[in-house]
1. If I go through the stretch A:367-421 residue by residue, how many of them are free of Cβ contacts under 8 Å to residues at least 60 places away in the same chain and hydrophobic (A, V, I, L, M, F, W, C)?
2. I'd like to verify a number: residues in the stretch A:312-326 that are open to solvent by 30 Å² or more (accessible area, probe 1.4 Å) and part of a strand (DSSP E or B), how many?
3. Give me the residue from the stretch A:115-134 that is aliphatic (A, V, I, L, M) and in contact (Cβ under 8 Å) with a residue 24 or more places away in the chain and, out of that set, most open to solvent (accessible area, probe 1.4 Å).
4. Quick check: anything in the stretch B:82-103 within 14 Å of another protein chain (Cβ to nearest Cβ), of a type in the set (Val, Ile, Thr) and buried (at least 19 other Cβ atoms within 10 Å of the Cβ)?
5. If you go through the stretch B:137-196, how many residues are away from chain A (no Cβ under 14 Å), open to solvent by less than 20 Å² (accessible area, probe 1.4 Å) and farther than 18 Å from B:Gln65 by Cβ?
6. State yes or no: is A:Ile149 within 14 Å of another protein chain (Cβ to nearest Cβ), part of a helix (DSSP H, G or I) and open to solvent by less than 20 Å² (accessible area, probe 1.4 Å)?
7. Quick one: A:Pro141 ticks every box in (1) open to solvent by 10 Å² or more (accessible area, probe 1.4 Å); (2) touching a strand residue (DSSP E or B) at 6+ places or on another chain (Cβ under 7 Å); (3) away from every other protein chain (no Cβ under 14 Å); (4) within 19 Å of A:Gln412 (Cα to Cα) bar one, so which box is it?
8. If A:Tyr105 satisfies every condition in (1) touching a residue at least 60 places away in the same chain (Cβ under 8 Å); (2) of a type in the set (Ser, Thr, Tyr); (3) buried (at least 19 other Cβ atoms within 10 Å of the Cβ) but one, which is the exception?
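The values are calculated or read from the model by the stated rules, or taken from the named source; none is laboratory data. None of these values were measured; they are calculated from a predicted model. So basically every Cβ, Gly included, is an ideal-geometry build from the backbone, and we count neighbours across all protein chains shown. The accessibility values were calculated without ligands, DNA or RNA, using every heavy atom of the protein model including side chains. Shrake-Rupley method; radii C 1.70, N 1.55, O 1.52, S 1.80 Å.
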Amino acid sequence: MVRLLILISATFLAFAAHPADGSDAPNRYQLRAGIDVSYINASGYTSWTEGFVGKLLYDDNNEDLKISQAFVDANFQLTDTLKAHAVVDAYDDGIGSIVGFTQAYIEWRPVPRSKNRYRLKVGAFYPHMSLENVSAGWNSPYTMSFSAINTWIAEELRTVGAELSVSRRPETFGGAHTFSLQGAVFVANDPTGSLLAWKGWSAHNRQSRFGDQLPLAPLPQIQPGGVFEEQDPYIEPFREIDSRAGYYVGGEWQFNQQLLIRAMHYDNRADPTAFEDGQYAWATKFEHIAAQVSLPGDWDLLFQWMTGTTVMGPVTNGAHMVDTEFDSKYLMLTRTIDRHRLSFRYDIFEVTQNDKTDEDNNPEEGNVWTVAYFYELSNKVWLGAESMIIKTHRCAWEYYGIDETRTEKQLQLTVRFRFGS
Amino acid sequence: MTISRLSILRIGDQLCRIAARMIGLFVPLLFATSVFSSDVDVFVVDRDGQRVADVAVYAVKLDGQMDLPAPTKNAVMDQIDRQFVPHLLVVQTGTPVEFPNSDTVAHHVYSFSHPNKFVLPMYKGEQHAPVTFDHSGVVSLGCNIHDHMLGYILVVDSAAFTKTDENGHASLSLEVPEEYVINIWSPRIRDRDEFLSKALVTLDKPTSEVIFSLAKKLTPPHRGHSDRMSWSDY
């Protein structure tokens with residue numbers, strides 16, 4: 001905490017000393033930074049980040065003032081059409097180093113010569129999925145903790161590769177409609193899916209950095225003598241294990257800033273029998289659908305649904321040793337009036353098991369209720385409060401002699417600082 | 001009697017002189033307003049009877065012989081809050097158009113509309129030459145940094161152009177007697193082109209009226225970038 005504080009202080013002093021928005025024309029860089037200071041009151045199992053099974057970042061041992069978020073988001077315009085974008089997040093939770101990159105990529109945006117706009121991203125970045133994570137540093141302006149789907153994306157999903165997108169300029173369709181298509185080829189996302197099987201869904205705002213080692217609970221199957229005893233007690237989600245590239249394809253339709261529909265098919269094409277340096281490759285596929293609608297009275301409705309499978313290990317008894325299906329959806333209602341933003345979200349999540357490996361027991365089901373409120377004190381400071389209740393039934397918890405059904409709660413009071421333009 | 005008759009004649013003579021002087025003063029004025037130009041009121045109405053605002057209206061002579069005065073001042077297409085302002089700008093062919101940037105972020109304005117293509121490199125402030133459009137037609141504008149930005153410049157071979165106000169009304173002052181074609185254009189209008197032009201003969205009368213009743217449903221008005229739906233970052 002002290003090291004994190006020193007680091008953050010230095011960063012923000014640098015921001016304060018720097019003329020935030022100089023008059024130089026053209027301005028070829030954009031620096032944004034954020035820090036959330038929160039009072040947390042949580043009850044639940046010891047957090048998964050501490051190596052146990054709690055679905056939240058915080059637990060009974062954590063009633064304290066916390067730095068619940070700290071990031072720097074930098075854009076550099078290399079040429080008129082070439083942009084470099086990097087995001088650094090800081091956590092002092094012992095998972096990897098204090099600071100690390102969550103994204104780093106170059107985007108080429110050639111000036112359109114027709115009604116088609118082409119954009120090419122190369123590097124490490126998030127796939128174009130979340131409707132919540134639209135603010136600097138892939139953060140949410142609506143809630144402090146992400147939905148279960150976007151929490152998992154933050155934990156385990158990243159494109160390390162190239163994504164090409166083409167969108168049709170809106171005047172093609174009378175100025176009201178915009179269509180776009182994306183396709184990507186990526187590597188280094190082979191262990192992805194393991195947390196969904198072995199930990200299950202979560203709800204928090206921690207974004208895995210490159211190099212992070214995400215702890216696993218002391219699962220019996222990864223202990224000496226267990227069926228997966230070779231597995232390290234942590235997951236390195238951004239590893240290439242089988243030398244096979246994955247892909248995703250997606251599309252989006254926007255109607256006049258009133259309606260957005262997004263769909264995607266993802267397949268990491270991992271070889272489920274591959275293993276390297278304590279990490280298994282998990283063959284993970286999913287479909288994702290997202291929709292956002294502007295409703296009367298300044299309300300917005302957001303919806304995301306993800307459903308897929310992840311398998312690992314050789315086929316025995318007609319199924320891979322680990323063969324799970326995962327599914328989650330959420331509905332969020334959010335309203336912004338003047339300086340107030342109020343958001344309600346309801347998530348449901350599920351993991352089902354198709355394999356017959358008894359000692360690898362992964363099914364779970366649950367739901368999350370979230371209410372969050374932000375008040376914009378100035379364009380740099382927000383005050384926020386969030387209450388989250390997550391109820392889970394997870395069979396594997398019997399391993400630890402704890403209740404298989406548990407309701408975990410978290411109350412968070414936050415002062416949110418944002419710097420830069 | 002004689003004196004009085006003489007007096008009356010004198011008075012009558014004077015009155016005639018005054019009258020003649022008055023006529024001499026006012027007739028040319030009347031002539032000037034009624035003979036050289038006529039105000040044309042143009043109304044644009046959608047299929048539900050609602051007046052349509054922000055529609056470009058311009059007149060060209062039927063024989064195509066338009067004496068275009070040299071443009072006297074530059075037109076301005078600004079960028080405010082990551083929007084083109086105005087959303088639709090009408091200019092005479094050959095008018096230099098300035099693209100100042102009132103935002104604190106840089107913009108990179110382009111158009112691929114043939115033959116008026118152009119690119120303004122990334123810029124902030126007003127440090128570049130205006131763009132002159134030498135060909136008539138629709139120039140659709142984009143910003144290569146902010147994909148949601150959309151604007152239009154309608155370049156016309158006419159000095160008689162304007163846009164409808166919030167009451168769907170526009171007024172043009174045209175020479176008389178002449179044969180004109182009155183044209184309207186808006187990105188929202190989906191009616192076929194032949195329904196967007198009307199012939200008009202300006203006669204020796206002070207005003208005339210042209211009504212465009214649109215048959216097809218308009219596309220929704222352009223909605224600007226809103227913070228509620230800021231999807232562009234990721």
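1. Going through the stretch A:367-421 one residue at a time, the tally reaches 9.
2. Going through the stretch A:312-326 one residue at a time, the tally reaches 6.
3. A:Val122
4. No, the stretch B:82-103 contains no residue that is within 14 Å of another protein chain (Cβ to nearest Cβ), of a type in the set (Val, Ile, Thr) and buried (at least 19 other Cβ atoms within 10 Å of the Cβ).
5. The total comes to 6.
6. In short, no.
7. Failing condition for A:Pro141: (3).
8. Here A:Tyr105 clears every test but (1).
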